[in-house]
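Report on one structure; see the data block that follows.
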Amino acid sequence: VKYVIVTVVIGALALPTTPAVAATCGTGEPSAFRFPLDEWDPNCNDFWSTCNGAPHLGMDSAPDSGVVGTPVKAACSGVVRDASFHNGYGGVVIIECTTGDECVTALTGHLFPDDVVLGGVQYYGLQVNAGDIVEIGQTVGQLGDRHWYRNGGWAPHVHFGIRKGAYQGGTACDGNWTYAGYAANTCVKKDWHDPALFVPAHNTLPSYSYNGNATSCMGPVSGGSGTGWVYTCERSQNAFRRDQTVQTLIRIDDVQSDHQFSVSAYRNGQFQWEWSPGMNHVGNGWDHSSFWPTLEGGEPGSWRFDYYVDLADDSTGVIYLDTVHFVVLPYAYDGNAVACGGPVTGGWWTDWYYTCQKPRTSFYWGEEVKTLIRLDDVTADHQFTVRAHREGAFQWEWSPGVNHVDGWWQYSSFWPTLSWGSPGNWEMQYFVDVLDGAGPRYLDSASFLVF
Ligand SMILES: [Zn+2]
């Protein structure tokens with residue numbers, strides 16, 4: 001779905017002044033949740049059950065078939081924080097994931113920690129490492145046997161716990177390891193979710209995920225049906241001449257709900273305009289949804305586009321997505337610094353475009369040497385300066401005064417002249433001051449020989 005806008009000034013809409021910022025959790029991408037076995041058939045030992053003795057901080061399940069060696073799957077998409085052996089727990093995998101609203105760590109235990117052959121059968125240890133990014137459903141290891149140090153001697157089963165918050169090592173409030181499977185002290189209970197409630201409540205993807213793809217580009221945004229509706233900026237940059245079109249791009253993934261983008265534009269920190277292209281009706285879900293606000297002929301300055309999405313579900317509100325920054329330059333230099341022997345020609349009859357008639361770089365003594373420097377798209381008052389050097393030594397400096405630009409000039413030209421310059425190698429260095437407090441900026445230089 002394609003939306004293109006030009007600069008439109010619209011009244012401000014109430015927008016959150018404090019963007020909703022996702023805390024760093026897992027990959028930062030929201031995840032759905034599932035149980036770690038394809039056949040999830042919990043036994044009596046569910047959350048806070050005492051059927052095996054002490055209160056239990058997760059739920060246990062033995063698969064209906066296969067049992068030892070059954071693939072154990074990642075319960076969510078996130079980052080592995082621990083994948084190692086813990087005595088009595090066997091191989092343990094702890095994955096940090098976010099629902100989009102909440103950060104949790106999902107623990108599975110009683111896997112084979114290392115490769116082992118039992119009864120002539122090869123079993124494999126943990127297949128992920130701490131720091132790995134995993135996808136929900138990815139196999140992380142194999143269900144271990146009943147050896148006491150892998151599961152305390154119980155019949156083979158997976159232990160599955162979901163602890164609230166980001167991963168943390170150390171000890172919990174009862175003095176035991178933070179990820180212990182049992183706790184008699186109720187101070188620990190509040191730190192855990194009951195998986196039997198949590199997983200069904202989070203078994204679908206959130207209504208969208210944002211993939212961080214906010215960029216600006218001067219050229220076209222390309223993509224569409226031929227690329228699976230993935231859009232990209234062809235030329236990403238962040239400084240633009242005023243006559244260039246600034247396209248910016250924001251994209252969200254896995255969109256399950258109707259939604260409406262909006263953009264707020266700021267220049268030099270001042271709100272300029274806000275715009276929304278209207279509601280996107282999603283039907284059965286979209287892989288991607290893209291939005292590319294465009295700025296044409298923006299005033300010079302530092303610009304910022306803030307992007308938002310409204311899921312139109314009455315409860316979520318307007319969600320901040322991202323920001324891009326770019327600069328519209330107060331002038332553009334076209335590189336036209338040359339030296340010429342004859343007259344510089346141009347003016348209103350050439351639309352104020354000036355050129356050197358006979359560009360060259362060596363001149364007889366006594367010949368008038370004209371040099372030319374030119375700016376394009378000038379939108380600011382400005383003052384040129386030239387500094388003349390001969391044989392590398394400074395000779396003189398000159399400025400013709402301020403040019404007052406009422407709005408916009410297509411060009412601004414300056415041609416310092418050298419008459420009766422002493423023989424030798426000369427260099428004219430050109431500067432422009434756009435009176436913004438930054439002082440003269442170097443533009444270019446022209447070199448020539450007087451002999
Ligand atoms: Zn257990």
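Across the range 305-317, which residue is modelled with the highest pLDDT among those that are among the hydrophobic types (A, V, I, L, M, F, W, C) and crowded, with 18+ Cβ neighbours inside 10 Å?
So in the range 305-317, the residues among the hydrophobic types (A, V, I, L, M, F, W, C) come out as 305, 309, 311-312.
Next cut, crowded, with 18+ Cβ neighbours inside 10 Å only: 305, 309, 311.
Details: 305: 96, 309: 93, 311: 83.
Filtering first and then ranking leaves 305.
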*Quickly run through the range 273-289 and pick out the residues that are open to solvent by less than 60 Å² (accessible area, probe 1.4 Å) and in contact (Cβ under 8 Å) with a residue 40 or more places away in the chain.*
273, 274, 275, 276, 277, 280, 286, 288, 289
_Residue satisfying all of: in the range 90-112; assigned to a loop (DSSP other than H, G, I, E, B) and open to solvent by less than 20 Å² (accessible area, probe 1.4 Å); nearest to residue 156 (Cα to Cα) among these_ = 112
*Could you check residue 149 against (1) hydroxyl-bearing (Ser, Thr, Tyr); (2) within 16 Å of the ligand (Cβ to nearest atom); (3) without any contact (Cβ under 8 Å) to a residue 60 or more places away in the chain and say which number it fails?*
(3)
*Test: residue 438 is in contact (Cβ under 8 Å) with a residue 60 or more places away in the chain, within 26 Å of residue 243 (Cβ to Cβ) and of a type outside the set (Val, Ile, Thr)*: no
*Tally time: how many residues in the range 155-168 are touching an Asp or Glu at 6+ places or on another chain (Cβ under 9 Å) and either within 16 Å of the ligand (Cβ to nearest atom) or free of Cβ contacts under 8 Å to residues at least 60 places away in the same chain (or both)?*
7
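So which of 339, 388, 380 ends up being assigned to a loop (DSSP other than H, G, I, E, B) and of a type in the set (A, V, I, L, M, F, W, C)? Steps first, answer last, please.
On the way: 339 fails: assigned to a loop (DSSP other than H, G, I, E, B); 388 fails: assigned to a loop (DSSP other than H, G, I, E, B).
Only one candidate passes the filter, namely 380.
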*Consider residue 163 carefully, then state whether it is open to solvent by less than 30 Å² (accessible area, probe 1.4 Å) and among the charged types (D, E, K, R).*
yes
*asked:* The conditions are (1) open to solvent by 20 Å² or more (accessible area, probe 1.4 Å); (2) hydrophobic (A, V, I, L, M, F, W, C); (3) under 30 Å from residue 435 (Cβ atoms); (4) part of a strand (DSSP E or B), and residue 295 fails exactly one of them. Which is it?
replied: (1)
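Conditions tested, residue by residue: (1) touching a strand residue (DSSP E or B) at 6+ places or on another chain (Cβ under 6 Å); (2) on the phi > 0 side of the Ramachandran plot; (3) open to solvent by 20 Å² or more (accessible area, probe 1.4 Å).
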| residue | (1), (2), (3) |
| --- | --- |
| 326 | yes, no, no |
| 331 | yes, no, yes |
| 335 | no, yes, yes |
| 340 | yes, no, no |
| 343 | no, no, yes |
| 350 | no, no, yes |
| 359 | yes, no, yes |
| 363 | yes, no, no |
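Looking at the range 102-116, which of its residues are away from the ligand (no atom under 16 Å from the Cβ) and in contact (Cβ under 8 Å) with a residue 12 or more places away in the chain? Can you show your working first?
Quick first cut of the range 102-116, residues away from the ligand (no atom under 16 Å from the Cβ) only: 102-104, 112-116.
Residues satisfying the conditions are 102, 103, 104, 112, 113, 114.
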*Would you please list the contacts, defined by Cβ atoms under 6 Å and residues six or more apart or on different chains, that run from a residue in the range 213-230 that is under 25 Å from residue 320 (Cα atoms) to a residue that is hydroxyl-bearing (Ser, Thr, Tyr) and open to solvent by less than 70 Å² (accessible area, probe 1.4 Å)?*
216/248; 221/231; 223/231; 223/232
*When you scan the range 57-89, how many residues do you find that are closer than 20 Å to residue 156 by Cβ, of a type in the set (S, T, N, Q) and open to solvent by 10 Å² or more (accessible area, probe 1.4 Å)?*
4
*strands (runs of 3 or more DSSP E) wholly inside the range 188-267 containing at least 1 residues that are modelled with pLDDT under 90, open to solvent by 40 Å² or more (accessible area, probe 1.4 Å) and within 24 Å of residue 24 (Cα to Cα)*: 245-255
*Search result, residues across the range 49-86 that are under 28 Å from residue 190 (Cβ atoms), out of contact with any Asp or Glu (no Cβ under 8 Å at 6 or more places or on another chain) and more than 16 Å from the ligand (Cβ to nearest atom)*: 76, 82, 84
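Confirm whether residue 322 is touching a residue at least 40 places away in the same chain (Cβ under 8 Å), under 20 Å from residue 439 (Cα atoms) and assigned to a strand (DSSP E or B).
Working: touching a residue at least 40 places away in the same chain (Cβ under 8 Å): yes; under 20 Å from residue 439 (Cα atoms): no; assigned to a strand (DSSP E or B): yes.
When the stated conditions are applied, residue 322 does not pass them.
Which of the residues spanning the range 169-188 are within 13 Å of the ligand (Cβ to nearest atom) and over 21 Å from residue 36 (Cα atoms)? Let's see the steps before the verdict.
First, pick out the residues of the range 169-188 that are within 13 Å of the ligand (Cβ to nearest atom): 179-183.
If the condition is that a residue be within 13 Å of the ligand (Cβ to nearest atom) and over 21 Å from residue 36 (Cα atoms), then 183 is the only one that fits.
The values are calculated or read from the model by the stated rules, or taken from the named source; none is laboratory data. Because the structure is a prediction, the values reported are computed rather than measured. Glycine also receives a Cβ, built like all others from the backbone with ideal geometry; neighbour counts cover every protein chain displayed. Ligands, DNA and RNA are excluded from the accessible area calculation, which covers all protein heavy atoms including side chains. Shrake-Rupley method; radii C 1.70, N 1.55, O 1.52, S 1.80 Å.
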